[in-house]
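Each value in this text was obtained by applying a stated rule to the coordinates, not by laboratory testing. Just so it is clear, the structure is predicted and the values come from calculations on it, not from any experiment. Here the Cβ positions follow ideal geometry from the backbone for every residue, glycine too, while neighbour counts run over all protein chains shown.
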């Protein structure tokens, strides 16, 4: 640990040793009509994930037999019990979604990582977590890990009311939902309307944004216009319309 780690609101970056693992599906259930939760079991010795939005690489076989990699969030894990939970948003076709749709106990999945973590401290005065279905695993984990007294607001674009999720948390959590069945298909406009209707809270806050790349970029730009500090916000494109495996950090 360095001296900077003791400063208020210091986001600590930690690198991890990585290894490949081959785990077995223990459970596979739909938690909403478009979100499937897969619990994997096996050797989790040495697995480390310190950040709610960490990413691991999942390996799938493409149509031509070539290996394909996709980034996913470790939704939950228990090293001692040898389990790892991954939530799959079944929002569009692709090797990961196709595998998840068919996943059943006994199936195998190979994975690696995470390579590192960005550890966001729990000393901010408030938190805003914004995204679409692909961000829900990270948002859910973040909300669940916050302690008593933390103030957190989530704003998430989903297909309809059936995709709403609840999280067990000690935090003071406000959940906002932009439902495409009601608000239309423009996630950026719907999420910005939710955010623009609320004043920026007093004090120091941390904002996390993850969605389709153009949506994440639009939200980040608006929040910067409203005066939120760059250093206290992370925006990521978890996917890009029309492209495969296009995960990117949104920066200037």
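Kindly express, to the nearest 10 degrees and within the range 0 to 90, the angle between helix 187-196's C-alpha long axis and the longest C-alpha principal axis of the chain.
Its long axis makes an angle of about 40 degrees.
Using R₀ = 35 Å, calculate the FRET efficiency as 1/(1 + (r/R₀)^6) where r is the Cβ-Cβ separation of residue 24 and residue 202; round to 0.05. Can you show the working numbers first?
On the way: r = 49 Å, r/R0 = 1.40.
Efficiency computed from Cβ-Cβ geometry: 0.10.
What FRET efficiency, computed as 1/(1 + (r/R0)^6) with R0 = 30 Å and r the Cβ-Cβ distance, is obtained for residue 193 and residue 119, rounded to the nearest 0.05?
0.40
Stick to Cα atoms and the Kirkwood definition of Rh, then tell me Rg/Rh for the chain.
Details: Rg = 17.9 Å, Rh = 18.8 Å.
On the Cα set of the chain, Rg over Rh gives 0.95.
Rank these for me by crowding, 125, 45, 53, going from fewest to most other beta carbons within 10 Å. Please report the intermediate quantities before stating the final value.
Details: 125 13, 45 10, 53 24.
Starting with the residue having the fewest Cβ neighbours, the order is 45, 125, 53.
Taking the Cβ of each residue in 209, 39 as the centre, tally the other Cβ atoms inside 10 Å and list the residues starting with the fewest.
Details: 209 26, 39 20.
If I rank by nearby Cβ atoms, fewest first, I get 39, 209.
When the chain is fully extended, how far beyond the present Cα-Cα distance does residue 214 get from residue 15, taking 0.36 nm per residue of separation? Could you put the intermediate results ahead of the total?
On the way: separation 199, 0.36 × 199 = 71.64 nm, distance 2.86 nm.
Value of the extension gain: 68.8 nm.
Provide the gained length on full extension for the span residue 78 to residue 224, in nm with one decimal, where the gain is 0.36 nm per separating residue minus the Cα-Cα distance. Please report the intermediate quantities before stating the final value.
Details: separation 146, 0.36 × 146 = 52.56 nm, distance 3.73 nm.
Extending this stretch completely gives an extra 48.8 nm.
Semi-axes of the equivalent ellipsoid for segment 134-252, please: Cα gyration tensor eigenvalues, times 5, square-rooted, ordered largest first, whole Å. If you can, show how the numbers build up before the last one.
Values: eigenvalues 87, 67, 44 Å².
Working from the Cα gyration tensor, I get semi-axes of 21, 18, 15 Å.
For segment 126-189 and segment 50-76, write down the distance between their C-alpha centroids in whole Å.
22
Which order results if 126, 239, 99 are arranged by neighbouring Cβ count within 10 Å, fewest first?
On the way: 126 17, 239 26, 99 20.
Going from least to most buried by this count: 126, 99, 239.
Starting from the alpha-carbon convex hull of segment 88-201, give the projected area averaged over all orientations, in nm². Please report the intermediate quantities before stating the final value.
Numbers: hull surface 36.6 nm².
The number I arrive at for segment 88-201 is 9.2 nm².
With N set to the residue count of segment 161-219, report its C-alpha Rg divided by 2.2 N^0.38 Å to two decimal places.
Numbers: Rg = 13.0 Å, N = 59, 2.2 N^0.38 = 10.4 Å.
That ratio works out to 1.25.
Could you work out the helix-only [θ] at 222 nm for the chain, with each DSSP H run of four or more residues adding -39,500 (n - 2.57) and the total divided by the number of residues, to the nearest 500 deg cm²/dmol? If you can, show how the numbers build up before the last one.
On the way: 5 runs with 45 residues, N = 252.
It comes out at -5000 deg cm²/dmol, rounded to the nearest 500.
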